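Report on one structure; see the data block that follows.
Every read-out reported here was derived from the displayed coordinates using simple, explicitly stated rules and does not represent laboratory data. Since the structure is predicted, the reported quantities are computational estimates derived from the model, not experimental observations. Glycine also receives a Cβ, built like all others from the backbone with ideal geometry; neighbour counts cover every protein chain displayed.
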Amino acid sequence: MSESDQIELKEILSKHTKVGELFRETDDGRVECYACGHRCKIGEGKDGICKIRFNRGEKLYVPWGYVSSLALDPIEKKPFFHAMPGSTAMSFGMLGCDFHCSFCQNWITSQTLRDPHSISSIEIISPEEIIALAKKHGAQVVTSTYNEPLITSEWAVEVFKLAKRNKFITSYVSNGNGTPEVIEYLSPWLDLFKIDLKGFNDKKYRELGGVLHNVLETIKLAYKKKFWIEIVTLIVPDFNDTEEELKDIAEFIKSVSPEIPWHVTAFHGDYKMDNVRYTPVEKIVRAVEIGYAAGLHYVYAGNIPGGARNYENTNCYRCGECLIERQGFRVIKNRLKEGGCAKCGSLIPGFWKNLQS
Ligand code: SF4
């Protein structure tokens, strides 16, 4: 995208905004945004780090009334493995991100206005239209994804309010750079929260544009607030794949709850790292084993359909019975009985309620 295209897109985006709710005015005439952990203090006429929230007239303007992507995805793709297996998620995304990961798999939408190679457009849409499409296609879940949802939370909540009135499950696919304020704001409207834990090394997190502490605190708080959370670590060769780091991640998750599912997914070359080798299958298998050895109850291999033993399946933690058999995003068999094991009756943690029935 040329510089003039970027300026044009920025002008278009600035028209699809409204005064946000996740900010406060500071004593020195700036506004402090608390939609994400960066807590930008933004002066008049300036943008936040994400470049899509900005200060005009001591008010914070935030994205509103559009999508950059809208698609129907299996819920397993988000990924949620402990929420309505086999259901479809109406997935919408806006533009922008508060991170700049060099291995981003959604960089076309997330890095708009930051990277001239990212070419994006938007479509004007209302929450009514999104929900009508979700109904028409038989979705049970409505998901904010593709860009970082925390930074467009006002719009997500507007869509989710209508989704909830129409008995949809709602979800976020997020990098977890949250704040207590945004978690509180989402609390009445959000059911499922996928959070990335991209490593356990703060220095490397800062290379991505984040802070490890913020993500850990968001996970702890999201769990306390009773969102259904699943954690994803994309295993990137030579970035976060040492035994020690994987063990640290697994032990942290266990300290919050051993029942939180941990997905360890294989990296494939993308964005600025398209020349980096794929994560070997053995590394993913080892990561799953590290998760189980640390005491987690549900650890899943991702991005290698059928290639990592049976580590895509959900087994009863108590009796070992295979309850949900998967290959990639496909559910092959589901023997879950009212959220419990068909053999021994133990409850399997998750969000198993179909709100529409
Ligand atoms: S969402 Fe995050 S990056 Fe964007 S303005 Fe707010 S605090 Fe800054």
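The three principal axes of the C-alpha atoms in the chain carry coordinate ranges of 62, 46, 37 Å, sorted with the longest axis first.
The ellipsoid that matches the Cα gyration tensor of segment 13-106 has semi-axes, each √(5λ) in whole angstrom, of 31, 14, 12, with the longest given first.
To the nearest µm²/s, what D does Stokes-Einstein give for segment 203-357 at 37 °C and 0.692 mPa s, using the Kirkwood radius over alpha carbon pairs as Rh? The estimated diffusion coefficient comes to 196 µm²/s.
Amide H contacts of residue 324 (H built 1.01 Å from N, in plane; Pro and chain starts excluded): 314, 335 sit under 5 Å, all sequence-distant by 5 or more or on other chains.
Rounded to the nearest Hz, the phi-derived 3J(HN,Hα) couplings of segment 56-73 under the Karplus curve 6.51 cos²θ - 1.76 cosθ + 1.60 (θ = phi - 60°) are 10, x, 6, 10, 9, 9, 10, x, 7, x, 8, 10, 9, 8, 8, 8, 9, 10, where x marks glycine and proline. The helix-based estimate of mean residue ellipticity at 222 nm for the chain, built from -39,500 (n - 2.57) per DSSP H run of four or more residues and divided by its residue count, is -8000 deg cm²/dmol to the nearest 500. Counting only alpha carbon atoms, the long axis of helix 243-256 and the longest principal axis of the chain meet at about 90°.
Using alpha carbons only, how many angstrom separate the centre of segment 289-353 from the centre of segment 196-243? Cα centres, segment 289-353 to segment 196-243: 22 Å. Rounded to the nearest Hz, the phi-derived 3J(HN,Hα) couplings of segment 187-193 under the Karplus curve 6.51 cos²θ - 1.76 cosθ + 1.60 (θ = phi - 60°) are 3, x, 10, 10, 9, 10, 9, where x marks glycine and proline. Farthest toward the positive end of the dipole of segment 127-252, out of 140, 249, 233, is the Cα of 140, where the dipole comes from beta carbon charges about the Cα centre. For segment 19-33, putting each phi into the Karplus relation 6.51 cos²θ - 1.76 cosθ + 1.60 with θ = phi - 60° gives couplings of 5, x, 10, 9, 7, 9, 7, 9, 5, 9, x, 8, 10, 9, 8 Hz, in residue order, rounded to whole numbers and with x for Gly and Pro. Residues whose amide H falls under 5 Å from that of residue 26, counting only those 5 or more places apart or on a different chain, are 31, 32, with hydrogens built in the peptide plane. Of all DSSP beta bridges confined to the chain, the antiparallel ones make up roughly 50%. For the cross-link pairs 41/203; 135/194; 247/283; 164/353; 136/167, the ones whose C-alpha atoms lie over 19 Å apart are 41/203; 135/194.
Projecting the Cα positions of 178, 71, 149 onto the charge dipole of the chain (unit charges on Cβ atoms of Lys, Arg, Asp and Glu, taken about the Cα centre) puts 71 furthest along the positive direction. Annotation: amide H-H contacts under 5 Å for residue 83 (H modelled 1.01 Å from N, sequence separation of 5 or more, or interchain): 351.
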